[in-house]
Every structure is written in structure tokens, then in C-alpha cells.
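Some notes on the structure that comes next.
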Amino acid sequence: MTATSSTADGDPAYVPGLSPSRANDFMQCPLLFRFRVVDRLPEPPSEAAARGTLVHSVLEELYDLPLGGRTPEAAQGLLPAAWESLQSTNPQYAKLVTGAEELDRWLAGAGRLVSTYFTLEDPNRLEPAGRELRVSSDLPDGPRLRGVIDRLDVAPDGALRVVDYKSGKSPRPAYQGSALFQMRFYGLVLWRERGEVPRMLQLVYLGDGQILRAEPTRADLEGTEAKVRALWEAIRTAGRTGEWTPRRSALCGWCAHQAICPEFGGTAPPVPEGRVEVALGVRPDRA
């Protein structure tokens, strides 16, 4: 699951760090990273994000059921209550679906993704060691790495498999780099946390019923660590200099901040006082 970045509000023990989602934000567009991590600007909820959260919730709850009871019908039956629960904790989601017909359409769309899951795995043959597992590790002389792993499986011989659910479609081979970086990031955190390189990293794409797998080596994770360190240094440099350069791409159409983006004729607001220090642990250069 996309990991949310921790915040320092009211937490004196907060340590600046990096999650795979926020690392990808910076690689996609440094200004987007600033808006999300430093300014912490609000973003309106999207149907795609809410549907993904709902499906993740159902697949997590599915494994609370006993072996033999994890059926497609049982999973579909979890959807209404899971949606109610999500709305109670995220009131903004309620604005996405209004009226009985719209609710039926919404749940049916999520239900199709849940049904696809059963064509890819048999949950009655699995007993996860962890679900929605929060992991973190401090890189020596680097950032604190954070993430939330959708599912962690441990084989009888102790081998680790990291599983991440995606509600969208699998990327074409030329665009798999970002997804694989996310999974290697999780692999790096587990390696640093537990001292063992995961045997398998697995992305389950429910939008088109595909699975992307990778078997990382220690060298792969060392390379990922080097990339993370370089990213963190680039992020901290941007924090010191204030040069959060926007980067136009096909993903701009999904961005909630076009109105204040220089690439679209907008003007980015000043960085709120003290936010760089809190989010990144560096002080901006003063003119």
C-alpha cells in the first residue's frame, strides 16, 4: 500500500524520513514533494484512491476469517461495512458517493477488483505473518525509512515474501521501474530491520489481474540504498536552497496543485515558516 508520511505535529520524537511513495513523488516532481511533505497542502479525495483504500481494507479483513471461509462471497460481504468504516474515519470520502444507486455502482466496482484477487491467489492456502505492517529503519548517516507493507508472508524455511496490492493496472515493461523501486525500498527496510533479504517481492495488480514479481539480491538492495541516499541528499539540498523545481509530465493531469504550479501559469506560495526544519531536518539558506 502507498505509505503515508509521518508528521511531526505535536511529536517531539519525530525523525525526518522517507517512504517509497514520497520518494517517488520527488522523482516525479520535486515541487509536488514540497507541497505534500513540507507544506502539507490538502488534496481532495479521488475515487481511484478511495476505491483502492476500500479494497485494501477488505483484503486485510479477509484474513481475519478462518481457513476455508475466505471465499469470494465472504469477501464481497465485507465491502459495505468496510466502506462505512472508511467514511467514519475519512469523512471526505462520503462526498464521493451519494444516493443508493451511486453506492451500488461504487461497491460493484470495488467488488470486481476483489473478485479478481481470487483469480490470482487462494487465501485459504495462506496465513500471513503480517498485514498492514508498519516497518522502519534508520540508515546510518541517512534518513529514517518508513513504509506500510500490505502483506508479509513467511515460508516454513523462514523466507520472506513482501506482497503489495494495487487496484490499478500493471505498468508496461518500460514503466515498471517506479513500481520495482517501491518494492525494493520495502525489501531494503526489511533487510535493515531483520537482517534478511526477502526472497520475493510481489505486486498484485487487481485492475488487470497481473502479478509482477522480483527476487532481490543483496546487491539489488545495496543499489536501492545508494539511490535512496542520493535522493535524500537531493531533497535536503532543495530544502536548503528552496529550489523545488516543477517537472512537467503526463502525470500532471492527476495533480491537485496545478493552480499554484509555475508550469501551468501559477505561483507557488512561500514555504510556511519552520516547515523545512520539521520535515527535513535542515535550515533553509537565508538570502
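Here, each number is a calculation from the coordinates, and none is a lab measurement. Not measured: the values here are computed from a predicted model. FYI the Cβ positions are ideal-geometry reconstructions off the backbone, even for glycines, and counts take in every protein chain you see.
For this structure, a couple of remarks:
- Eligible aspartates and glutamates near LYS95 by straight Cα distance, threshold 20 Å, same-chain separation 8 or greater: GLU43, GLU47, GLU84, ASP104
- A straight chain from ALA250 to GLN28 at 0.36 nm per residue would run longer than the Cα-Cα distance by 78.9 nm.
- Comparing Cα centroids, region 98-156 and region 230-287 end up 30 angstrom apart.
- Kyte-Doolittle mean at least 0.0, axial Cα span of 15 Å or more - DSSP H helices of the chain: 47-62, 100-120, 177-194
- 5 angstrom amide H check on GLY147, placed H, neighbours 5+ away: VAL135
- Overall dimensions of the chain, expressed as equivalent-ellipsoid semi-axes from the Cα gyration tensor (√(5λ), whole Å, largest first), are 33, 25, 17.
- Our summary gives the chain a relative contact order of 21 percent, counting only alpha carbon pairs under 8 angstrom and 6 or more residues apart.
- Computed from the Cβ-Cβ distance with R0 of 25 Å, the FRET efficiency linking ASP157 to LEU65 stands at 0.40.
- Region 47-125: radius of gyration and largest Cα-Cα distance (Dmax), Å: 12.6, 38
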